[in-house]
Amino acid sequence: MPRRFQNKELSWLSFNQRLLQEAQDPAVPLLERVRFLGIFSANLDEFFRVRVATLRRLRTLGKRASDLSGISPREVLKAIHDRALTLQDEFERIYASLTQELAKHRIYIKNESQLSTRQSEFVRDYFSRKVRPTLIPLMLDQSRGKQTLRDHALYLAVILQGKTGVTHALIEIPTKVLPRFLALPKEDGQHSLILLDDVIRHNLLDVFNTLEVNDASAYTLKVTRDAEIDLEEDWSEGVTQKLARALEKRKSGRPVRLVYDETMPSNTIEYFLRKLKINKQQADLIPGGRYHNFKDFIGFPNIGGKGLRYPEAKAAVHPTLAKIPS
């Protein structure tokens with residue numbers, strides 16, 4: 001018999017897919033389409049932090065946790081994983097298409113290997129003045145105990161090759177203190193941007209200049225953690241104190257998703273999973289593109305012609321309020 005109800009989590013993913021439709025709609029101004037990718041990414045992060053985290057808790061109840069549609073949490077999680085992979089592929093395809101359209105308007109998002117000599121010098125100067133003081137590399141081969149990635153944070157998984165062999169490190173990309181986009185000097189009337197990720201990649205050898213490193217490569221990854229709020233049934237304190245403690249626990253919740261650069265070598269992925277104590281049974285492993293945390297693209301710079309974004313809405317004053325003397 002056909003099911004009469006649709007699972008609400010899978011329905012929500014269909015709703016979020018509407019944002020991808022807006023991102024590829026030619027009737028929407030180009031820069032607004034880029035920002036729709038950011039909204040999609042921000043929504044999906046919250047979906048995994050709360051809804052998927054709850055499903056993983058319910059999974060321990062087995063068949064008793066089946067919803068009105070008759071689907072168990074285990075089945076829903078499998079369907080979400082498959083759908084997330086499909087959406088990730090669609091997302092990357094749309095992003096590649098948008099970068100081509102941006103190029104038609106002489107707007108370029110460059111990586112560290114595409115810089116001119118002048119732009120390279122500009123990036124090195126910016127790195128030494130602004131970025132380097134904020135970086136605290138973590139050498140994983142020498143660390144002991146459990147290493148934890150912060151929720152909502154973005155990291156570079158670094159592989160260093162030197163005389164003594166291969167070394168691994170982690171660098172948190174400081175998006176909380178520095179903008180994700182850096183505008184490069186204009187050349188031939190072109191607007192060029194570089195992401196903070198690639199600013200660091202451009203200067204990786206400088207970051208590890210105290211080591212005998214011949215080559216370095218870096219791959220982006222991020223962890224999404226269980227952010228569901230649990231209020232303990234302890235009535236000896238007020239709700240405010242309970243909420244404060246529950247919100248603090250969100251920062252160290254169990255990982256529910258790991259998104260990583262799909263070009264990262266498989267043995268490197270396994271190494272970081274072991275070091276970070278991330279269990280494949282606990283977290284969805286989602287292979288993605290070179291860049292993550294696309295929520296930062298909501299703040300994509302306003303560059304290029306006026307037709308690339310929606311016109312600013314003019315403030316309207318209510319007729320009654322207009323009669324009130326200031």
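Determine which single condition Leu58 fails, assuming it passes every other condition in (1) open to solvent by less than 60 Å² (accessible area, probe 1.4 Å); (2) at pLDDT below 80; (3) of a type in the set (A, V, I, L, M, F, W, C).
Single failed check for Leu58: (1).
Can Phe47 be described as surrounded by 19 or more Cβ atoms within 10 Å (Cβ to Cβ) and either hydrophobic (A, V, I, L, M, F, W, C) or farther than 28 Å from Arg254 by Cβ (or both)? Show your work before the answer.
Values: surrounded by 19 or more Cβ atoms within 10 Å (Cβ to Cβ): yes; either hydrophobic (A, V, I, L, M, F, W, C) or farther than 28 Å from Arg254 by Cβ (or both): yes.
Yes; evaluated as a whole, the condition is true for this residue.
Restricting the stretch 170-182 to residues that are in a loop (DSSP other than H, G, I, E, B) and under 16 Å from Pro137 (Cα atoms), which is most open to solvent (accessible area, probe 1.4 Å)?
Among them, the one singled out is Thr175.
Pairs please, first residue from the stretch 164-183 and over 13 Å from Ala216 (Cβ atoms), second anywhere and open to solvent by 60 Å² or more (accessible area, probe 1.4 Å) and of a type in the set (D, E, K, R), Cβ atoms under 8 Å, 6+ apart in sequence or on different chains.
Thr164/Glu212; Glu172/Arg150; Leu178/Lys130
Does Ala42 meet the test of being within 17 Å of the chain's Cα centre (by Cα) and either surrounded by fewer than 20 Cβ atoms within 10 Å (Cβ to Cβ) or not in a helix (DSSP H, G or I) (or both)?
Answer is yes for this residue.
Select from the stretch 168-198 the residues that are under 22 Å from the mean Cα position of the chain (by Cα) and of a type in the set (Asp, Glu) and list them in ascending order.
The answer is Glu172, Asp197, Asp198.
Determine whether Glu212 is more than 25 Å from the chain's Cα centre (by Cα) and of a type in the set (D, E, K, R).
Details: more than 25 Å from the chain's Cα centre (by Cα): yes; of a type in the set (D, E, K, R): yes.
So Glu212 fits the description; yes.
Here is a list: Gln190, Gln114. Which entry is without any contact (Cβ under 8 Å) to a residue 24 or more places away in the chain, touching a Phe, Trp or Tyr at 6+ places or on another chain (Cβ under 9 Å), at negative phi and not hydroxyl-bearing (Ser, Thr, Tyr)?
The conditions single out Gln114.
Could you check the stretch 153-169 and list, in sequence order, the residues that are open to solvent by 10 Å² or more (accessible area, probe 1.4 Å) and either in contact with a helix residue (DSSP H, G or I) (Cβ under 9 Å, 6 or more places away or on another chain) or in a loop (DSSP other than H, G, I, E, B) (or both)? Please lay out each step first, then the result.
Our first condition is that a residue be open to solvent by 10 Å² or more (accessible area, probe 1.4 Å); within the stretch 153-169, this holds for 155, 159, 161-168.
Scanning the stretch 153-169 gives Ile159, Lys163, Thr164, Val166, Thr167, His168.
Of these, Glu187, Glu212, Glu262, Glu233, which one is modelled with pLDDT under 70, open to solvent by 20 Å² or more (accessible area, probe 1.4 Å) and acidic (Asp, Glu)?
Details: Glu187 fails: modelled with pLDDT under 70; Glu212 fails: modelled with pLDDT under 70; Glu262 fails: modelled with pLDDT under 70.
Answer to the check: Glu233.
Among the residues of the stretch 270-308, write down those that are touching a Pro at 6+ places or on another chain (Cβ under 7 Å), open to solvent by 60 Å² or more (accessible area, probe 1.4 Å) and either in a loop (DSSP other than H, G, I, E, B) or more than 28 Å from Gly189 (Cα to Cα) (or both).
Answer for the stretch 270-308, where residues must be touching a Pro at 6+ places or on another chain (Cβ under 7 Å), open to solvent by 60 Å² or more (accessible area, probe 1.4 Å) and either in a loop (DSSP other than H, G, I, E, B) or more than 28 Å from Gly189 (Cα to Cα) (or both): just Gln282.
Please work out which one of (1) over 19 Å from the mean Cα position of the chain (by Cα); (2) at pLDDT 80 or above is the condition Gln282 fails and give its number.
Every condition holds for Gln282 apart from (2).
The values are calculated or read from the model by the stated rules, or taken from the named source; none is laboratory data. Note that this is a predicted model, so its numbers are computed, not measured. Cβ: placed from backbone, ideal geometry, glycine included. Neighbour counts: every protein chain shown. Quick note on the areas: whole protein, heavy atoms, side chains included, nothing else; ligands and nucleic acids left out. Shrake-Rupley method; radii C 1.70, N 1.55, O 1.52, S 1.80 Å.
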